[in-house]
Amino acid sequence: MVPMAPPLEKIGNNTWRIPQTYRKDMRVPVIVYASEKLLEKMKTDRTLEQAVNVSTLPGIVKQMTVLPDAHEGYGFPIGGVAAMDATEGVISPGGVGYDINCLPAGTNVLTSLGYRLPIERFKANEEVVCVNQKRSVPAGIIFVIKKGRDRLLRIRTKSQFFLTATPDHPVLTPNGMKPMEQIRPGERVALFPFEGVEYEDPRDCLLLDEKDVPEHVKSELKKRGLLPIKLDNPKLPYLARLLGYFTGDGAFNGKTTVFYGSVEGLEEIRRDIERLGYKPSKIHTRRRQNIINGRKFIGAENSVRVNSRSFTELLRRLGAPDGKKTDAEFFVPRWILLAPRWIKRLYLAGLFGAELNKPQTVNGYNFQVPQLTLNKRPDLEDNGRMFLEQIAELLRELGVETTKIVSAPEGRCIRLRLLISERPQNLIRLWGRIGYEYNPQRRRLALAAVVWLRLKQSVIDLRIRAQEAAIAMAADGTTISEISEVLANEFVNTRYLERSVYEGREDTPRVPKNFPRFEDWVELHLDGDIVWDEVESVEEAGEVNDVYDLTVANPGHSFIAEGVVVSNCGVRLMVTNLTVNDVRPRIVELVNTVFRNVPAGLGSRRKDFVVTHSDLDRVALEGARYVIEKYGLGWSEDFKKMEEEGRYPSYKAGNIPDPDPSIVSREAKARGESQIGTLGSGNHFLEIQRVDKIYDPRAAKAMGITQEGQITVLIHCGSRGYGHQICSDFLRIMERAVAKYNLRLPDRELACTPANSPEATQYLKAFGCAVNFAFANRQAISHWVRQSFEQVFKRSADDMGMQIVYDVCHNVLKFEKHKVDGSDVDVFVHRKGATRSFPAGHPLIPQVYREIGQPVLIPGSMGTASWVLLGNEKAMTLSFGSTAHGAGREMSRSGAKRRYRGDQVLRELESRGIYVKGDSMETVVEEVDAAYKSVDEVVEVSHQVGIGTKVARLVPIGVVKG
C-alpha cells in the first residue's frame with residue numbers, strides 16, 4: 001500500500017516544499033521540482049516518503065532535493081540529490097544506486113542451522129546457507145527487502161524442484177548467475193536439495209543454572225552467555241550439533257575435549273566452538289596403526305582439542321557420554337527430547353556425521369540400508385538398545401522410518417545396529433531433512449542421492465503414465481506403432497509399451513537400463529556442494545502484491561530458495577558530420593553492426609577483449625585514459641571532454657582517498673575482466689539519433705551540434721557487474737556501521753557510515769574504482785561504435801567527425817564545495833539518478849566548455865526524444881548543481897509486459913522510423929516508451945526552474961537494447 005503523501009507547499013513555479021516541521025526527525029526540508037502532473041505520479045509510490053527519510057540523515061545540509069524525473073528507488077528516491085557535510089555527515093550506498101530482484105512470500109529459504117523459513121519472516125539476525133565457489137557456507141543477512149506488485153515465473157527441474165521468482169531474479173548456472181527469464185528448458189541450474197525442517201520457537205525452559213555447575217567454571221560460562229542456559233539460548237543450537245557429533249566421535253581427556261574427524265569437517269567444528277566463545281586448537285594430524293582381523297592398517301587421525309574446564313563441564317552437564325562409550329551408560333539428553341524439531345535435527349545430524357554410514361548403492365540402483373552402529377559391553381546392551389530406540393523416536397518425529405534394532409557379538413562387546421528403511425521416499429527424507437553435520441563428504445553424497453532418487457522416481461512416474469495411456473489408447477483401437485509414435489521417449493521404448501498393453505503390469509515398473517547408475521551420475525552432476533539438474537520447464541506464474549529479497553554478507557551473494565541456488569551509471573554523447581539522409585537508408589545494417597560489435601544484455605561479456613587482473617586494476621585507478629593509452633580504444637583527446645576527464649578525481653583534500661583496487665573483491669574483478677566494452681541490460685542502451693531541434697545555437701555549436709538532421713550517438717551504461725559487486729560487498733560494512741556508530745535510521749535501506757570513518761574511507765576507495773570502470777567501459781564502447789560506422793560507411797571515423805560531446809555520470813558520489821547559509825561548505829553530494837549541471841566558469845568542467853557551461857545529457861526512452869541541456873548558476877543555488885537524468889519510470893517492468901507484446905512494440909516503433917535491435921524481446925517490452933514519464937515535460941520543468949536549460953532535442957532512428 002502506498003502511504004499518504006506528505007504535505008506539499010507550492011513555493012514557486014514547478015517548485016514545492018515538504019516543510020521540516022512535517023516530521024520531528026527531519027533535519028532539513030524537502031524541495032521538489034515538478035509539474036503538477038509529474039508530482040501526482042510521485043504520489044503513487046514512495047518517492048516523497050523516501051525523500052523525507054533521507055532528510056533525517058546525520059549531516060545533511062540545506063535541503064533534500066527531488067528532481068522532476070524522480071520515482072521510488074532503494075533507500076533514496078531515483079532522481080534525488082542530497083549533500084552531506086564532509087566532516088559531520090554520512091555516506092550511503094543507497095544514495096548512488098542498487099538493484100533488487102525478488103521472490104514471492106512463502107518461498108522457503110534454508111538457514112545455516114538447517115531450519116527453513118518463509119522469506120517474508122526473515123529479519124536481519126539469521127544466517128542463511130550461501131554458496132560461494134561451489135561450497136556451502138553460513139552467511140549473515142544484511143537486508144531483507146520488500147517490493148510491491150510484480151510478475152512471476154516458475155522453473156521446474158527434472159528432479160521436480162520448483163522455484164518461483166521475478167523474471168530478473170538470478171539463479172546459479174554453470175556460466176554464473178542468470179536471470180530467471182533467460183533460463184531455457186535443457187539448461188542446468190544449481191541445486192542444494194536440503195529441505196531441513198520448519199522453524200519453531202524454543203520454549204523458555206531452564207536447562208542449567210548456577211547451582212548445576214561447579215563453582216570453578218561459573219564465571220567462564222557466564223561471560224560467554226552460557227549460564228544460565230535455557231532452551232531459547234541462541235548458542236544452544238551449536239551445542240546440540242556438537243553434542244551429537246561428540247557422542248559418536250569425541251572424548252574427554254581430563255579438562256580437554258577432543259573431536260576426531262576429517263580435516264574439512266573439523267574446520268566446521270572449530271567454527272562452531274568459536275561461536276560459543278572458546279578458542280579451539282589447530283587441527284592435529286598423526287599417523288595411526290590399527291590391526292583389524294589380523295591385518296595391519298596405517299592411516300591418519302585428525303583431531304581438534306578444546307583446553308577448557310568450563311567447556312568440558314558444560315558438555316558433561318548437557319549429557320555428553322563420559323568415559324569409553326562401550327563402558328558408559330548414556331541416553332539422548334532429556335533437553336533434546338524437549339527441544340523443537342529443528343534442534344533435534346541438529347543433534348541427530350551431528351551424531352550421523354560421526355556414525356551413520358555413507359550413501360552408497362549395492363548395484364548402482366538400490367542403496368545400502370542406512371544404519372547407526374553402537375558397541376556396548378554385554379551388561380550395557382539394554383542401555384544401548386534404549387539409546388537407539390530414542391534415536392528411532394526422534395527420527396519418527398522427523399518423518400523417517402526405522403525397521404529394527406539388530407545385535408551380534410563382536411569380540412568382548414555387543415554390536416547394536418539401528419536399521420533405517422531404505423525405501424526411496426524414506427531415504428529422501430533422511431538425507432534431505434536430517435543429513436550429516438561435520439562430515440562434508442557424506443553430506444555431499446547425500447545431497448546428490450536426494451536429486452538422483454527424485455529423478456529416478458520421476459522416470460518411474462513417467463513410465464506409469466505411459467503404461468496407463470498406452471492401455472487406454474489400445475482400448476480405443478490405436479495400434480502399437482501409433483501408440484509408440486505418441487508415447488515413446490528416452491525412458492519409454494516400444495517394447496515397454498507392448499508389454500504394458502499385452503501382458504499388463506501388477507508391480508511398479510523399474511527404471512530402464514539406460515537410466516544412469518548413481519555412482520556414474522554423481523561424477524557428472526555433483527560439483528562441490530551443489531548438484532546440477534536440468535530445467536524441464538519455465539512458465540508464467542501470475543503476479544503477487546509483495547515480493548522479497550535477501551542481501552547476504554558473503555562474496556557468493558547467494559542463498560538457497562526451495563532447494564535452488566539463487567543472486568555507476570552514466571551517459572555519453574558523440575556527434576558525426578553525417579545527416580539523417582546519409583544514415584537512414586543504411587540504418588538496419590548500421591544497428592546490426594553495432595549490435596555485433598558491442599555485446600548487450602544481462603551478463604554480456606566480450607570474448608575478443610578480456611583484460612588481465614593487473615590491467616583491470618590500472619583501469620580502476622586511471623579510468624578512460626588507460627584504455628586509450630594501453631589498448632588504443634579511442635583518440636588521445638577523448639578524455640578532455642569527459643566529466644573529471646574520465647577519472648574519479650584525486651581530491652587531495654582532508655582524508656578523501658584515491659581509488660584503491662587492492663580492496664576490491666576477487667568476485668568483483670572476475671565479473672569485470674570481460675565486461676569492458678559491453679552495454680549490459682535493463683534501461684541501458686545505445687541510440688543512433690538525429691538532431692530534431694536546436695534551442696541554443698551558440699551552445700550547440702560549441703558542442704559540435706551544427707544543424708537539424710545531424711546524426712549523433714548516445715550511449716547509456718555503467719560499471720556493469722564490477723560496480724554492482726562492489727556495492728554488494730560494502731552493504732555489510734554499512735550495516736555494521738549503523739550499529740557501531742549508533743545511527744538511528746527510519747529505513748534500513750539507508751544504511752550508511754560517518755563520512756570521516758574508516759568504513760567510509762574504504763567505501764570511497766572501492767567506489768572510485770567502479771566510477772573509473774564505467775568511464776573506461778563507455779570509452780571502449782565509443783571505440784567500437786566508431787569502428788561500426790567505418791565498417792558500414794567505408795570512411796574513417798575522423799573523416800565522419802565522430803567527436804565526443806560529453807560523458808557525464810548520473811549515479812555518483814562526489815566531494816564538492818557548495819554555499820550553505822552564505823558560507824562555502826565541503827560536502828559529499830549523493831546524486832542518484834541525477835546529473836551535474838555546473839555553470840560557465842566552474843573549475844570542475846572541461847576547459848573547452850568553461851565559457852558556456854557544462855553539457856547536460858538527459859536520455860528518454862527508446863521511442864522518444866533525448867535532450868542536451870546546459871548547466872547554469874541557478875542550479876548551484878537550487879539543487880547543488882544538479883538536474884534530472886532521464887524521463888523517470890512510471891510503469892513497472894511487469895506492468896509493461898502485461899500490457900504490451902514485443903512484436904507490437906517493434907512494429908509501432910518501425911512505423912515511426914525507428915529500428916530496434918534488442919538482446920531479448922522481453923527487454924524491448926520492459927523499455928516501451930509508455931513505461932516512462934514524458935521526457936519533454938521533465939526537461940520543461942528543468943528549463944523553467946533554471947537548473948538546466950535547453951540546447952537541443954534529439955530523436956532516435958536506431959536503437960540497440962541490452
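Would you confirm whether or not segment 658-674 contains a residue that is buried (at least 23 other Cβ atoms within 10 Å of the Cβ), under 19 Å from residue 855 (Cβ atoms) and modelled with pLDDT under 90? No, segment 658-674 contains no residue that is buried (at least 23 other Cβ atoms within 10 Å of the Cβ), under 19 Å from residue 855 (Cβ atoms) and modelled with pLDDT under 90. Please specify each residue of segment 570-587 satisfying the condition of being surrounded by 17 or more Cβ atoms within 10 Å (Cβ to Cβ) and of a type in the set (Ser, Thr, Tyr). 576 - this is the single residue of segment 570-587 that is surrounded by 17 or more Cβ atoms within 10 Å (Cβ to Cβ) and of a type in the set (Ser, Thr, Tyr).
The residues on offer are 90, 109, and the sole one that is of a type in the set (A, V, I, L, M), more than 28 Å from residue 180 (Cβ to Cβ) and modelled with pLDDT of 90 or more is 90. Residue count for segment 691-722, restricted to those that are part of a helix (DSSP H, G or I) and open to solvent by less than 10 Å² (accessible area, probe 1.4 Å): 4.
Rundown of residues vs (1) at positive phi; (2) among the polar types (S, T, N, Q), yes/no style:
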residue	(1), (2)
287	no, no
297	no, no
306	no, no
319	yes, no
324	no, no
328	no, no
350	no, no
358	no, no
373	no, yes
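For residue 267, the stated conditions hold: it is under 29 Å from residue 199 (Cα atoms) and of a type outside the set (Lys, Arg).
This table checks each residue for (1) at pLDDT below 85; (2) at negative phi; (3) surrounded by fewer than 23 Cβ atoms within 10 Å (Cβ to Cβ).
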residue: 100; (1), (2), (3): yes, yes, yes
residue: 118; (1), (2), (3): no, yes, yes
residue: 124; (1), (2), (3): yes, yes, yes
residue: 133; (1), (2), (3): yes, no, yes
residue: 139; (1), (2), (3): yes, yes, no
residue: 142; (1), (2), (3): yes, yes, yes
residue: 153; (1), (2), (3): no, yes, yes
residue: 168; (1), (2), (3): yes, yes, no
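The set of residues in segment 529-539 that are of a type outside the set (Phe, Trp, Tyr) and open to solvent by less than 20 Å² (accessible area, probe 1.4 Å) comprises 529, 530, 531, 533, 535, 537. Are any of the residues in segment 189-202 farther than 24 Å from residue 563 by Cβ and surrounded by 12 or more Cβ atoms within 10 Å (Cβ to Cβ)? Yes, because at least one residue in segment 189-202 is farther than 24 Å from residue 563 by Cβ and surrounded by 12 or more Cβ atoms within 10 Å (Cβ to Cβ). Restricting 442, 385 to residues that are within 25 Å of residue 529 (Cβ to Cβ), at pLDDT 95 or above and not in a loop (DSSP other than H, G, I, E, B) narrows the list to 442. Residues 396, 385: which one is open to solvent by 40 Å² or more (accessible area, probe 1.4 Å), in the same structural domain as residue 219 (by the TED database), more than 22 Å from residue 410 (Cβ to Cβ) and not polar (S, T, N, Q)? The unique qualifying residue is 396. Number of residues in segment 219-233 that are buried (at least 17 other Cβ atoms within 10 Å of the Cβ) and part of a helix (DSSP H, G or I) equals 2. Just one of the listed residues (373, 402) is β-branched (Val, Ile, Thr) and either within 37 Å of the chain's Cα centre (by Cα) or within 25 Å of residue 200 (Cβ to Cβ) (or both), namely 402.
Remark: residue 197 matches the filter, which requires a residue to be β-branched (Val, Ile, Thr) and within 26 Å of residue 398 (Cβ to Cβ).
Restricting 408, 449 to residues that are small (Gly, Ala, Ser), modelled with pLDDT of 95 or more and in a strand (DSSP E or B) narrows the list to 408. Highlighted here are the strands (runs of 3 or more DSSP E) found entirely within segment 253-329 that include at least 3 residues which are open to solvent by 20 Å² or more (accessible area, probe 1.4 Å): 284-292, 295-307.
The values are calculated or read from the model by the stated rules, or taken from the named source; none is laboratory data. Since the model is a prediction, treat every value here as computed from it, not as a measurement. All Cβ positions, glycine included, derive from the backbone under ideal geometry; neighbour counts span all protein chains shown. For the accessible areas, the whole protein counts, side chains as well, though only heavy atoms, and no ligand, DNA or RNA atoms are used. Shrake-Rupley method; radii C 1.70, N 1.55, O 1.52, S 1.80 Å.
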